[in-house]
1. Could you tell me whether region 86-96 includes any residue that is in contact (Cβ under 8 Å) with a residue 24 or more places away in the chain, more than 21 Å from residue 138 (Cα to Cα) and under 18 Å from the mean Cα position of the chain (by Cα)?
2. Tell me, which residue of region 21-44 that is within 19 Å of the chain's Cα centre (by Cα), over 19 Å from residue 179 (Cα atoms) and surrounded by 20 or more Cβ atoms within 10 Å (Cβ to Cβ) is modelled with the highest pLDDT?
3. Can you go through 94, 56 and tell me which one is surrounded by 22 or more Cβ atoms within 10 Å (Cβ to Cβ) and assigned to a loop (DSSP other than H, G, I, E, B)?
4. On the basis of being surrounded by 15 or more Cβ atoms within 10 Å (Cβ to Cβ), farther than 30 Å from residue 211 by Cβ and touching a strand residue (DSSP E or B) at 6+ places or on another chain (Cβ under 7 Å), does residue 322 make the cut?
5. In region 215-240, how many are at pLDDT 95 or above and in contact with a helix residue (DSSP H, G or I) (Cβ under 7 Å, 6 or more places away or on another chain)?
6. Tell me the strands (runs of 3 or more DSSP E) entirely within region 130-195 that contain at least 3 residues that are in contact with a helix residue (DSSP H, G or I) (Cβ under 6 Å, 6 or more places away or on another chain) and crowded, with 18+ Cβ neighbours inside 10 Å.
7. Can residue 343 be described as surrounded by 15 or more Cβ atoms within 10 Å (Cβ to Cβ) and farther than 21 Å from residue 223 by Cβ?
8. Filter region 298-315 down to the residues that are closer than 30 Å to residue 226 by Cα and either in contact with a strand residue (DSSP E or B) (Cβ under 6 Å, 6 or more places away or on another chain) or not assigned by TED's automatic domain parsing to the domain that holds residue 344 (or both) and list them by number.
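The values are calculated or read from the model by the stated rules, or taken from the named source; none is laboratory data. Note that this is a predicted model, so its numbers are computed, not measured. Using ideal geometry, Cβ is built from the backbone for each residue, glycine included, and neighbour counts are taken over all protein chains shown.
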């Protein structure tokens, strides 16, 4: 029996999964979740595309590759066990021109190295899945699925409450001294602290005196959705071949678990860590970003890409044109605005984008400093990975 006190900072899907794993594995432990919002899954979790990723894109042997592959399976099992609507529908990654075929084949080799059920198919075979698709070749990924991750959060929160965990919402962490968590409602004493604060994870780590190896830079991902009468143009999930130098997957088409079809996201620098609109501006967040040398080095390295993303953000016509490369019948009038998300992307001081999950242990603290997509897919396995290394 464990009598230890565990505090998890952050009530997104990763924080809730860590807390749930602690409840399952540490009978007798006291588990507390601190979340600054009035509810759970309010930020990255509640604003993503709802895709259960297979693990195609990630470097073999990396945490992302292993935890995403295993997490896609455990997420489907969890949803099935608790009656959360989920569908393993598969997806297509498509080359729309001959110049993209070598990158598609390289991605196929990576997916095979990651142990995934994938196969290259012809354009004719691809149109059996997606009749309105334009491509020269495609890869079918059988194990990709769709779900509402906020519904997963709701279930995790209920399981935690039923198990006697302390769920403290509406409390912001303002200090972290060894294992004393200071919130706007007072102090919480712990034996172990796990920081899963997402968009603010680096700041929480700095409160504890951790020399963080990377800084969170927020990128807003903007979505549109197809008008209901045009949803028949997309049967499942259609992705372009991504640029291997970037962690963004390109604008794609996703049939959601509720039947709607979302298009996006792009990736533009946000001037607030919770900047879901162009008008959102937070002086502290903006100054934090522009004072960071890593951001300027990143901007120089990817200036052309960044300009293109801003142009697409400002023009629905450009956004529609990106989608028409995949499904030519889509036009500007088919798109309706949809809610945006913000990706908490860790950027190294040299301007490099951290391409793996970044988890730093510091005494009796664990800091999850880079957990963008596919963290929702991987959340149950991230939780296993973290808790396996914690004192009982």
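1. Yes: one or more hits.
2. 40
3. 56
4. Spelling it out, it is not the case that residue 322 is surrounded by 15 or more Cβ atoms within 10 Å (Cβ to Cβ), farther than 30 Å from residue 211 by Cβ and touching a strand residue (DSSP E or B) at 6+ places or on another chain (Cβ under 7 Å).
5. 7
6. Hits in region 130-195: 137-141.
7. Numbers: surrounded by 15 or more Cβ atoms within 10 Å (Cβ to Cβ): yes; farther than 21 Å from residue 223 by Cβ: no.
Here the answer is no, as residue 343 does not meet what is asked.
8. 309, 310, 313 - these are the residues of region 298-315 that are closer than 30 Å to residue 226 by Cα and either in contact with a strand residue (DSSP E or B) (Cβ under 6 Å, 6 or more places away or on another chain) or not assigned by TED's automatic domain parsing to the domain that holds residue 344 (or both).
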